[in-house]
Each structure stands twice: as C-alpha cells, then as structure tokens.
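The values are calculated or read from the model by the stated rules, or taken from the named source; none is laboratory data. Everything numeric in this text was worked out from a predicted model, so none of it was measured. Virtual Cβ from ideal backbone geometry, glycine too; neighbours counted across all protein chains shown.
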Amino acid sequence: MNLFYEPKNIQKIHQENLLFLNGILSKINSADEFKINFQNVITNFFQTQKPIFLSPLIPFIGFDNSYKKIIPLFSGWNLFCLAAKYSDSAEDEPLDQAENINMGSAFLFLANLSVMDLITSGFDKTNVLEIYQRMQHAGLTACAGQTLDLSIKEPKQIPTPDEWLIMAELKSGAIFSWGTWASAALAQENSLISETFSQIGMHLGVFVQILDDFYDTWETKQIESTHFYKALPIVYANFHHPQRTQELLNSLLTSKTHYEKDMGNLKDFLNSIHTAKFIYAACHEQRLKIVKLLAQLDPAAINLNLCTDFLDQLLPTSI
C-alpha cells in the first residue's frame, strides 16, 4: 500500500506545497530578498516537519479523495503554524522580537491568501468563507492562550497540570482543530463528522505540545526565557514536589559558576520522579481519546484503517 505519510510521499507533498506558495509569492510586489527569505524559511519548515503535521490531510484522504485538491488548505494550515511559531519566538527570544513579529505577521497573511485560493480550486465559495472565518476564530483562540502563557513570568507562577492543559488546548489545540475540521468539511457534507474531526484535531494539538515540551526541556542548556517554567515536565515536577522543584530552579537562576551542574541536577531529579513515564502516559491518554472519537465514525464512509495507522506513526513507543 502506497501510504501518503511514507517519506517519499511526504517529500512530494512538500514539493507541491512549495510550488503552490511560490505561485502566490510571485504575485507579491516585494524585494527579491524578502521572497527568498520566505522560501528558505518555508522550505526548512517542511523539511524538518514531523509526520503529525500531515494531520489536516487525514479526513480528506480518508474519504477517498486526493490530497492535491486541498493543497491550498494544507499550505494555509502550515503557514498558520509557522505564524504561531514565530509569535512564540517573539516571546522566547526577545533580541529578535521585531524580526519574529514581522515574519509571523507575513506568514499569517500568506496563510489567509492560501486558504482563499480554495475557491480557485473549485470548492464552494460559501464553504470556503466559513473555513476562512473559523480560521480567524482559531487564531484569536490561540492568542487568548498566549495571553495566559505570557502572564507566567517567574517560577513561583508555574501552572498546575490542569492550567497547562487549558493553555495547550487554546494555543496548539485550536490550530490543529481548525485544520482537521476544515479538511473534513471539504471532504463531505455531514457537519457532525466535521465536528468530530475538530475534536480529534484538538487532541492532536495537545499531543504535539506534550512532546514539544518534553524534548525542549531535555535539550535546554540555558534558561533564557520563562518558557522553561511552563514546560510540562517542570509543571509535573512542581505539582508533585513543589519545594524541591523550586529549590532547583532558583539554584539555576542564581548560578554563575556551577550552571551545568545545577542543570544536570534538575534533569536527574526529573528522571528520578519518572517524568518520562508521565509524559508517555499523557500522550497515550490523548491517543485513546482520538481512537474513541474515530470509533464514532461509519467505517463504510471513511477509511478508518488509514486514520488509525497514521495515528500509530505519531505515538512513540518510547521516550
């Protein structure tokens, strides 16, 4: 079976994305340097994507459609994610704030243009406008989540796991939810099915945030932003062992000569309280919720095997 998420097919999808976006960029009256910079960033984003970023294709392909018909939606969704990424970078890397804000804004405008190109692709104008409108709602929801995120400025404000989940649903969840809903809405006309995929996307978005937080924490060598305090491994540690977690974080913040040792102590502590097992369990919980939602769909109408097989590609067997 020639599955769309196989490496050779992923590469082909990304190439078609780039061709589509180059067509839009060619119509923009701007300096070549701007376009080249855009193309480089987008190309790098596609080349470093994890399989989960193919999620918006799932509903459409599941209903036996060719993904090529929704390249404008897929491109728009990826650009939406890029815009969110640059917004986060404006928070985490203050020295590059102006550049990040500019790039994030540009990607958001390009995402809007991409989605509206669905009309040119032959989709019903009313449906496309609804997709466009819900995209704006998703963006505003993500901004609401970012507002909560920005309110956390020091270790003493570390959120609880429930508060972390709310932020993850608002930020990452809303964007994935829109992408999978829009794909389903273009594939068929049953609004209940589309809303089911909206919920599936929400759980996929949370799933992504869980893994990102985990890997970001283990790869961090310097605490240069408040983002570190909000990562799920730290949230988990602080919830169950607040005193020890605060001691380790404060030691890191004030350390000038023993920073690497203090960072090592923190990571050793996270290992000692089985943080990786907690993260894996949290990922698995999101997967179970997705499987339960998929079970509500009619197997005669959609290729559920394709959906579950793809899901199996997303959940790592170990962390």
Fill in: Top-ranked residue in segment 27-81 [being more than 30 Å from residue 300 (Cα to Cα) and charged (D, E, K, R); ranked as nearest to the chain's Cα centre (by Cα)]
35
Worksheet entry | Residue match in segment 149-161 (condition: aliphatic (A, V, I, L, M) and at pLDDT 95 or above) | no
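If you check residue 196 against the conditions, is it of a type in the set (Val, Ile, Thr) and either at pLDDT below 95 or under 15 Å from residue 50 (Cα atoms) (or both)?
Working: of a type in the set (Val, Ile, Thr): yes; either at pLDDT below 95 or under 15 Å from residue 50 (Cα atoms) (or both): no.
Criteria not met by residue 196.
Consider residue 235 carefully, then state whether it is under 16 Å from residue 154 (Cβ atoms), of a type outside the set (Phe, Trp, Tyr) and either at pLDDT 95 or above or touching a Phe, Trp or Tyr at 6+ places or on another chain (Cβ under 6 Å) (or both). Walk me through it before giving the result.
Working: under 16 Å from residue 154 (Cβ atoms): yes; of a type outside the set (Phe, Trp, Tyr): yes; either at pLDDT 95 or above or touching a Phe, Trp or Tyr at 6+ places or on another chain (Cβ under 6 Å) (or both): yes.
So residue 235 passes the test.
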Worksheet entry | Only listed residue being surrounded by 17 or more Cβ atoms within 10 Å (Cβ to Cβ), among the β-branched types (Val, Ile, Thr) and more than 30 Å from residue 247 (Cα to Cα), chosen from 115, 208 | 115
Practice prompt. Identify the residue in segment 199-222 that is charged (D, E, K, R) and under 21 Å from residue 48 (Cα atoms) and, among all such residues, is modelled with the lowest pLDDT.
Written response: 219
Worksheet item: What tally of residues in segment 149-198 results from selecting those that are assigned to a helix (DSSP H, G or I), farther than 20 Å from residue 118 by Cα and of a type in the set (A, V, I, L, M, F, W, C)?
Response: 10
Worksheet item: Can you tell me which residue in segment 10-47 is surrounded by the most Cβ atoms within 10 Å (Cβ to Cβ), limited to those that are closer than 30 Å to residue 310 by Cα and modelled with pLDDT under 75?
Response: 46
